[in-house]
Structures are given as structure tokens and as C-alpha cells.
Amino acid sequence: MDTSKSKRHSEPLISVQALNACRILVINGKGGSGKTTVSTNLASWFAQRGDTTALLDADPQGSSEYWVRLRSPELPEIYGFKIDSTLRTTMSFQLRAPKSTKWLITDAPPGLSGMALDDMVSNHDLILILVMSSEMDIRASARFIGDLLLTQNMRRKRRPIGVIANRIKQQTNSWGSLQRFLESLRIPYPAKLRDTQNYVKAYAEGKGIINYTQQTHASDNADWKTLIDWIEAQNRERHWMK
Ligand SMILES: Nc1ncnc2c1ncn2[C@@H]1O[C@H](COP(=O)(O)OP(=O)(O)OP(=O)(O)O)[C@@H](O)[C@H]1O
Ligand SMILES: [Mg+2]
């Protein structure tokens, strides 16, 4: 029985700017690298352990919002919402989420740059960048990370960035060059996610890897545990810095 659902529905919604939440932006320099996969898995993980979790779909494709609607009522609730295309700024004060939200995850649209990228960065505390291990993806990501670091919002207040290597099949030369690039910028890469149909199936079922306890998902769950531990360490540091 989902008692939390009725409780949260009666909860007031407040501006995302006023939330006492860790606001995570999931983004990449090239489309199709796994933003929605990571956003939905993060939301599943936090919701599963009972934290109030909101998933903001900022991509007009609406893939995260669709996934929230797919979820069985038996699963812990995730507050799904999207950016209204009539809003002028991406993180407008008009965006509201439940007051007790502990984790706000934003699934960003692909191909952001300039003002739109700067705008997306504002009102987020932590940035996760998805990178796949192809040479093309890595080059696009290196450029994107450079642009991101130069946005006004990042120069004004440097948020922690973590790079997630997605769809990793094997160690490649190109991954080695990305690692060197990240190390030169002191950007951590807290997770590598396998290329597996487990992610495709979980999305189609409105679930995340955390919802599968079988041995077939053990190594993926271990990857997620590493990533969640890193995010929590960043979040603790954020509170400590306040
Ligand atoms: N680790 C993985 N293993 C296997 N398939 C994956 C993995 N990560 C993502 N995929 C699949 O790759 C496709 C693209 O992933 P996803 O939709 O998460 O990317 P995206 O960055 O959100 O794309 P877009 O830019 O179109 O929004 C999807 O079909 C997804 O199921
Ligand atoms: Mg997507």
C-alpha cells in the first residue's frame, strides 16, 4: 500500500528555488548519451529509500515524464513535472515541487550552449555529465565541459561536477584520453555504467536498477551504489559549506 502518496499529494508545493533539496542537473554535450537513463535511475534509488524525490523533465521530448507516468502505484512515488515551454527561463520561480523534496533531479535537453546552458546551471547544486566512450562523444564532451566551466553561473559559484561514463564495453584509448583531460581539470568521474539491456528494460517498466534484486543486476547495482555514495558526499560538503 502506498501511504506516502496521499501524504505527499496534500503537501504544499513551493518554488524549486526555495527547496531545501540537493538539486542535481543531468546533462551532456551530445544527445543520446544516457541522461534520461541516469535521471530515472537516480530518482528510483532515492525514492526507494523513502526520500521525497522530484524529477524535472526539461527536455521537450518528455521521456522522463513519460517514465514517471509508467510507474506502478505500488512503487514509491516520484513527483514528476516538466518545464512549460511558455516559461521564459528554464528554472523559473513558477516551477514548484513538494516542500519536503530532498532530491530534485533535472533531465536536461540535449545540445545546450551559451545563455541556455548558463540558465540551466542556475538553481542546481551538482552537475552530472554523461559521456559515452566513442571518440566522437568524448570530443564533444570535452568541448561541452569547457563551455560549462565558462558559464557565468559556474564562474560565480563553482558547483561540483561528476562525469559518468555510460555504455562502457571495454577500456578504449579514447576513454583514456578523456580521463587525462578530466584529471587535468580535476573533474572526478565517479561512475562507469555497463552497456546492458537491464537499463532498457527498467525504463520500459517504469523502474530503476534498484528495483531488481536478481544476480543479473548485482554489478549494475554496485555501480549505482558507488555513484550514490559520491553524490551524498558532495551533498554533505554542500551543507557543511553553507
Ligand atoms: N548503459 C546502457 N546500456 C544499454 N542501453 C542504454 C544505456 N544507457 C542508455 N541506454 C539506451 O540508449 C538510449 C539513449 O539513452 P537515453 O534516452 O537515456 O539518453 P538521453 O541522453 O536521454 O537521450 P536524448 O538526448 O535523446 O534525450 C535509450 O534507448 C536507452 O535505453
Ligand atoms: Mg532523454
Review point. Quick one: in segment 1-18, which of the residues that are small (Gly, Ala, Ser), assigned to a helix (DSSP H, G or I) and modelled with pLDDT under 90 is farthest from the chain's Cα centre (by Cα)?
Key: Ser6
Review point. Which numbered condition trips up Met91, out of (1) modelled with pLDDT under 90; (2) surrounded by fewer than 20 Cβ atoms within 10 Å (Cβ to Cβ); (3) under 24 Å from Arg236 (Cα atoms)?
Key: (2)
Exercise for review: Might you check whether a residue that is within 16 Å of ligand 1 (Cβ to nearest atom) and charged (D, E, K, R) occurs anywhere in segment 84-105?
Suggested key: no
Check your understanding: Within segment 126-138, is there a residue that is in a loop (DSSP other than H, G, I, E, B) and surrounded by fewer than 17 Cβ atoms within 10 Å (Cβ to Cβ)?
Key -> yes
**Study point:** For Lys207: the one exception among (1) closer than 17 Å to Leu128 by Cβ; (2) away from ligand 2 (no atom under 16 Å from the Cβ); (3) at pLDDT 95 or above; (4) surrounded by 19 or more Cβ atoms within 10 Å (Cβ to Cβ)
**Key:** (1)
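The values are calculated or read from the model by the stated rules, or taken from the named source; none is laboratory data. This is a predicted model, so every value here is computed, not measured. Glycine also receives a Cβ, built like all others from the backbone with ideal geometry; neighbour counts cover every protein chain displayed.
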